[in-house]
Amino acid sequence: MQWNPTPITTSWDDLLEGIDSVDAWNEKCGAIRRRFLSLIRAQAAPEPPTSPDLSVEREWDGGGFTIQYVSYQVEQDERAHAYIGIPHETPPESGFPAVVCLHGTSNWGARRTLGLPPEPGNPHGDAGEVEGKDFARQLVRRGYVTISPEHFCCAARVPDEGPYETAAFYRKHPDWSAVGKYVYDSVIATDILAARDDVDADRLGVTGHSLGGQGSIWLAAYDDRIRCAAPSCTAGSFRENPEPLHWSRDYWYIYFPQLREQFLAGETVQCDFHEMLALIAPRPLLDRFALNDGDPLSQKHRTLMHLEIHDLYRLLENESAHAFLTFGDGHFIPDISQEAALSWMDRWLKHGGDPLGGWDGRLASIE
């Protein structure tokens, strides 16, 4: 007797529809990338400065590693700030692996990635989601150089209207998008990291939580210097989202202002998240999310989305480089998620993909 499993059809089947070879995928991938760049309005980005003019403003011992608070030029009239974590150990001959660590929507989120409290006298409090874990600190203690850039509308660059208010940004750049700016700044932070003498520029990763998780996907989709990505608790999609106007609301943090008219007209967005994730393939990708983070049905669709993404990795003959982890802890980074991300980075950035290389027989230190 022969039994054939029931075929699974999903909202994401269009990703590989008509694709039966690597050449066919490469052609489609180019079209997806053009749609992604159009979505973030990359064409409106200014020319980056010829030099970042990096300045170390403060340096101190973070408890077994060094922390630098740095500033650097991102636009001709604008400087960004970031925290860099540096192991005390002597770097290997090729340099340390390194990770861009992107924070969520808290005003001093970049500090929190290194386990630091808000700046003394912080006038804006530290409202925002609880990120859970100091993932940059955990990484630097494992032998990574990390950079935790402050988002462009918080901390040292908080607008007059308050953290994560994008009105001032759109007055300055009416044809750009907040996501395009986020990617642009993240690329320059990656430049800063890759240029360090103690970093191996061929072993760069990205991780982040919530908004930082979304930023991890966008940066890895845009910049193929990122060799490994491990986003946490991002939004799922446009098409299977009960509140798509969240992405183009008319107040506070406005991701894609141009999409509001499209959503209200019931139109399909030109590049959804399954396509953004596909731009990362075949590079290693570990997506981590909770089935009870937001709308449960949307998160079920996210699981189905990853089954389609895995088919792409299979086509590209790199199935082991794709994984996703689901849990039930809501918008948080539970221990299992933190451990998975640290092991994932070790496997792909330290051990060349060895399936045993990311596990050293003990749990990482979690404080």
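What shape does the chain take by its C-alpha gyration tensor, where a ≥ b ≥ c are the square roots of the eigenvalues and a/c under 1.5 counts as rounded, a/b above b/c as prolate, and the rest as oblate? It comes out oblate by the Cα gyration axes. Could you name the lysines whose alpha carbon sits less than 23 Å from that of Lys172, not counting residues in the same chain fewer than 8 places away? The reachable lysines, counting only those whose Cα sits under 23 Å from Lys172, are Lys181.
Packing here is the average count of other Cβ atoms within 10 Å per residue, and on that basis the peptides 205-216, 244-255, 143-154, 5-16, highest first, run 205-216, 143-154, 244-255, 5-16. Beta-bridge orientation, the chain: approximately 45 percent antiparallel, per DSSP, counting only bridges with both partners inside.
State whether segment 258-318 is rounded, prolate or oblate according to the following rule on the C-alpha gyration tensor (a ≥ b ≥ c being the square roots of its eigenvalues): a/c under 1.5 gives rounded; otherwise a/b larger than b/c gives prolate, and the remaining case gives oblate. The shape class here is oblate. Backbone amide hydrogens, once placed in the peptide plane, bring Asn241 within less than 5 Å of nothing, excluding anything fewer than 5 places away on its chain. When the chain is described by a simple charge dipole with +1 on each Lys and Arg Cβ and -1 on each Asp and Glu Cβ, the residue from Thr234, Gly330, Ile147 located farthest towards its positive end is Gly330. Computed as a quarter of the hull surface, the mean projected area of the alpha carbon convex hull for segment 237-367 stands at 9.8 nm².
Coordinate-derived values only; no laboratory data. Nothing here was measured: the structure is a model prediction, and the numbers come from that model. In this analysis, Cβ positions are derived from the backbone assuming ideal geometry, glycine residues included, and neighbour counts consider all displayed protein chains.
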